Amino acid sequence: MRARYGVPLTLTAVGAAGLAYAAGYEVRSFRLRRVTVPVLPRGMRPLRVLQVSDIHMVSGQRKKQRWLQSLAGLRPDFVINTGDNLSDPEGVPETLDALGPLMEFPGAYVFGSNDYYGPRLRNPARYLIERIQGRHGLNGNAPVVGAVHNPWEELRDAFDAAGWVGLSNTRGRLKLEGVEIALTGLDDPHIKRDRYAEVAGGPEAGADLSLAVVHAPYLRSLDAFAADGYPLILAGHTHGGQLCIPFYGALVTNCDIDTDRVKGLSTHTAAGRTSYLHVSAGCGTNRYTPVRFACPPEATLLTLTARD
């Protein structure tokens, strides 16, 4: 029996243990990533930016709510929310409850596809197939039919009432103590809602710092921001690959960015100009694939410092 069934049984046991770890522990093992980015003018004081992304709130996720609330203890100078707050049409009240303490700070936001539409059950292997075929979201796939519409307007109204700046294909500013931050954002490229022509032109004169914000880091958006001279681009969407191989990394990014830049701080160059790029792995998952492996859920505290 050992000769015939030993290896399959061992593999089954290892697979079951890995699934239990991914679904039972790591998906709730929230982490804070800390990153330093030298993008400020010389002589300017450091700024602390908290980036939250891809919360994918589902009703009943109490631990995630408490963890998000606790991030207010970091006392950031401002907050950037890079979208995909929802994974449940009933999740708006709990999302706002979780983000409530953070909404006491200045902030800005863009939306992702899951803010607009509810998730659908799909085979995770399709992400690999789409990567091979170069198809992601509506960028090469057929339009979604019969999608569930999330109440994103309730999120927008609450964020706006808190003073957070909406950046969906528009510009905005945050005024801190003695500092003015200019922000340029795009609606989600994953579902072709981005309209860069409406915000083109590069950093604004008179601001102490200009930042670019987008949910999904598609190359066309990164190229446009970098070519226009933005020193830092913030994005989410990728979940860091979500299911990664230890010591190897991500297999997919769910967009056309390469897997080497699926999460964390890197750079992006276009038209001879280079921008810093930070992609958050996010702190949630699609409600139908509530697992993470070798890719813990996260938020990021970016400390912006003066350029060398």
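The values are calculated or read from the model by the stated rules, or taken from the named source; none is laboratory data. Treat the numbers as computed from the prediction; the structure is a model and nothing was measured. We place every Cβ from the backbone using ideal geometry, glycine too, and count neighbours over all the protein chains shown. Accessible surface is based on the protein model in full, side chains and every heavy atom, while ligands, DNA and RNA are left aside. Shrake-Rupley method; radii C 1.70, N 1.55, O 1.52, S 1.80 Å.
Observations on the model:
- Applying a threshold of 8 Å to beta carbon distances and a minimum spacing of six or more residues, or different chains, the list of pairs starting in region 212-228 at a residue that is more than 24 Å from residue 55 (Cβ to Cβ) and in contact (Cβ under 8 Å) with a residue 40 or more places away in the chain and ending at one that is of a type outside the set (A, V, I, L, M, F, W, C) and in a helix (DSSP H, G or I) reads 224/196.
- Sub-8 Å Cβ pairs linking a first residue in region 18-43 that is modelled with pLDDT of 95 or more to a second residue that is open to solvent by 20 Å² or more (accessible area, probe 1.4 Å) and aromatic (Phe, Trp, Tyr), at least 6 apart or interchain, are 30/67; 37/276; 39/276, ordered by first then second residue.
- Just one of (1) farther than 20 Å from residue 134 by Cα; (2) open to solvent by 60 Å² or more (accessible area, probe 1.4 Å) fails for residue 243. It is (1).
- Only one of the numbered conditions (1) closer than 20 Å to residue 306 by Cα; (2) in contact with a His (Cβ under 9 Å, 6 or more places away or on another chain) is violated by residue 211, and that is (2).
- Identification of helices (runs of 4 or more DSSP H) wholly contained in region 109-165 with 2 or more residues that are over 30 Å from residue 182 (Cβ atoms) and out of contact with any Ser or Thr (no Cβ under 9 Å at 6 or more places or on another chain) yields 125-133.
Conditions (1) closer than 19 Å to residue 170 by Cβ; (2) among the aliphatic types (A, V, I, L, M); (3) surrounded by 19 or more Cβ atoms within 10 Å (Cβ to Cβ), marked per residue:
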position	(1), (2), (3)
209	yes, yes, yes
220	yes, no, no
226	no, yes, yes
231	no, no, yes
239	no, no, yes
259	no, no, no
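- Residue pairs whose Cβ atoms lie under 7 Å apart, sitting 6 or more positions apart in sequence or on different chains, and linking a residue in region 170-195 that is more than 11 Å from residue 213 (Cβ to Cβ) to a partner that is open to solvent by 10 Å² or more (accessible area, probe 1.4 Å) and in a helix (DSSP H, G or I), are 188/113; 189/220; 190/113; 191/113.
- Pick from region 214-229, criterion of a type outside the set (Gly, Ala, Ser) and over 12 Å from the mean Cα position of the chain (by Cα), ranking: nearest to residue 83 (Cα to Cα): 218
- Looking across region 166-179, the residues that are within 20 Å of the chain's Cα centre (by Cα) and either in a strand (DSSP E or B) or under 20 Å from residue 87 (Cβ atoms) (or both) come down to 166, 168, 170, 171, 172.
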